[in-house]
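Q: Just dropping this structure here.
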Amino acid sequence: MLQYIESTGKNEEEAIQAALRKLGLDRDEVSVEVLERAKSGFLGIGSSPAKVKVTYEVPDEPAPAPVKEEAPAPRKEEPAAPVREAPRAEEAPAAPVQAAMEPAPAAEAAPAGERTEAIRDFLTGLMAHMEVEAAPRISLGEDGSYKVELVGEHLGALIGRRGETLDAIQQLTSYAVNRGQSKRVRIHVDAEGYRAKREESLQRLARKVAGKVVKYRRNVMLEPMNAYERHVIHTALQDYPDVTTYSTGTEPNRRTVVAYSKGEHRA
């Protein structure tokens with residue numbers, strides 16, 4: 001389900017950042033529409049802030065009713081009173097102690113381990129379905145996101161044209177792992193180092209375009225990109241003098257605009 005908020009700021013970028021702070025989301029997790037461009041006015045008279053509409057997705061989560069189904073379980077255990085016969089086991093107390101201790105470590109590691117196993121299980125099954133010999137290598141990033149590297153040989157088919165297949169795999173994995181969860185986690189899926197190579201290429205493109213925008217003082221609209229690629233452009237130019245970026249249009253033809261910011265330097 002899609003929801004949106006409207007936000008204002010001194011310029012388009014500040015309005016977008018204000019909305020992201022309020023939502024607690026990253027740039028690539030939202031869609032931005034510029035409703036009103038900032039106006040400087042004359043000597044401060046007639047000036048007006050920029051106004052943007054930030055759209056984000058809220059997953060539809062079914063009500064967690066399975067708890068009611070587990071309720072009858074204790075009633076079945078109550079009449080079966082073998083637990084009171086435990087004194088017989090005094091000769092070998094080690095067995096019940098181990099049984100009691102085994103679940104504890106698993107419970108403590110459940111938050112991280114559960115997501116890791118879910119990612120591994122889903123991708124292993126997906127690779128088998130696609131008849132591709134690739135194994136997921138999972139690590140946890142400093143920002144709490146899960147980074148997955150698909151390891152194997154000749155994985156070009158998993159990447160696809162401009163990473164489209166890899167993006168689809170990432171989206172499917174994210175949906176499968178986050179479905180029904182109260183807290184979503186970000187999952188990045190890569191193969192053969194494609195993301196790093198593509199990111200370097202996009203950063204070079206961003207700087208080249210920004211240079212032209214400043215030189216000619218004209219906005220430039222880039223070709224359609226997915227959310228990840230737009231995020232790379234936004235990040236690469238977030239501190240570039242006299243330039244701001246925003247996205248326009250709808251998927252799959254959503255584009256990033258590199259705009260001249262009329263000499264306003266952002267902090």
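The values are calculated or read from the model by the stated rules, or taken from the named source; none is laboratory data. Small disclaimer: the values here were computed from a predicted structure and weren't measured. For neighbour counting, all protein chains shown are included, and Cβ atoms are generated from backbone atoms with ideal geometry for every residue, glycine included.
Q: Considering only residues that are within 13 Å of residue 255 (Cβ to Cβ) and modelled with pLDDT under 95, which ones fall in segment 206-219? Write out each step before concluding.
A: At the first step, the residues of segment 206-219 found to be within 13 Å of residue 255 (Cβ to Cβ) are 209, 219.
Hit for segment 206-219 is 219, nothing else.
Q: Across segment 184-198, what is the total count of residues that are in contact with a strand residue (DSSP E or B) (Cβ under 6 Å, 6 or more places away or on another chain) and buried (at least 18 other Cβ atoms within 10 Å of the Cβ)?
A: So the answer is 4.
Q: How many residues does segment 133-154 hold that are surrounded by 15 or more Cβ atoms within 10 Å (Cβ to Cβ) and modelled with pLDDT under 90?
A: 0
Q: Hey, any hits in segment 219-228 for a residue that's closer than 23 Å to residue 162 by Cβ and of a type in the set (S, T, N, Q)?
A: At the first step, the residues of segment 219-228 found to be closer than 23 Å to residue 162 by Cβ are 220-228.
Now narrow it down to the ones that are of a type in the set (S, T, N, Q): 226.
Yes, that holds for at least one residue.
Q: Pairs under 8 Å by beta carbon, first residue farther than 24 Å from residue 230 by Cβ in segment 149-171, partner β-branched (Val, Ile, Thr) and surrounded by 14 or more Cβ atoms within 10 Å (Cβ to Cβ), six or more apart or different chains?
A: Matching pairs, first to second residue: 152/132; 155/132; 157/132; 157/165.
Q: Suppose we keep only residues that are in contact with a Leu (Cβ under 7 Å, 6 or more places away or on another chain) and over 28 Å from residue 154 (Cα atoms) within segment 210-235. Which one would you say is surrounded by the fewest Cβ atoms within 10 Å (Cβ to Cβ)? Give the steps one after another, and end with the answer.
A: At the first step, the residues of segment 210-235 found to be in contact with a Leu (Cβ under 7 Å, 6 or more places away or on another chain) are 210, 229, 232-233.
The next check asks that each one be over 28 Å from residue 154 (Cα atoms); those that pass are 210, 233.
Values: 210: 22, 233: 24.
By that ranking, first place goes to 210.
Q: Hey, another quick one. For the subset of segment 233-250 comprising residues that are of a type in the set (Val, Ile, Thr) and outside any loop (DSSP other than H, G, I, E, B), which member is farthest from residue 165 (Cα to Cα)?
A: That would be 243.
Q: Among the residues of segment 194-202, is there at least one that is in contact with a Gly (Cβ under 8 Å, 6 or more places away or on another chain) and of a type in the set (Ser, Thr, Tyr)?
A: yes
Q: From the list 250, 256, 173, which residue is farther than 20 Å from residue 13 by Cβ, assigned by TED's automatic domain parsing to the domain that holds residue 30 and of a type in the set (Val, Ile, Thr)? Lay out the reasoning, then the answer.
A: Values: 256 fails: farther than 20 Å from residue 13 by Cβ; 173 fails: assigned by TED's automatic domain parsing to the domain that holds residue 30.
Testing whether each residue is farther than 20 Å from residue 13 by Cβ, assigned by TED's automatic domain parsing to the domain that holds residue 30 and of a type in the set (Val, Ile, Thr) leaves just 250.
Q: Pull up segment 1-31, narrow it to residues that are modelled with pLDDT under 80 and touching a Ser or Thr at 6+ places or on another chain (Cβ under 6 Å), then point me to the one that is surrounded by the most Cβ atoms within 10 Å (Cβ to Cβ).
A: This residue is 31.
Q: Something else now. Return the only residue of 247, 261, 174, 201 being without any contact (Cβ under 8 Å) to a residue 24 or more places away in the chain and surrounded by 17 or more Cβ atoms within 10 Å (Cβ to Cβ).
A: Of 247, 261, 174, 201, the one residue that is without any contact (Cβ under 8 Å) to a residue 24 or more places away in the chain and surrounded by 17 or more Cβ atoms within 10 Å (Cβ to Cβ) is 174.
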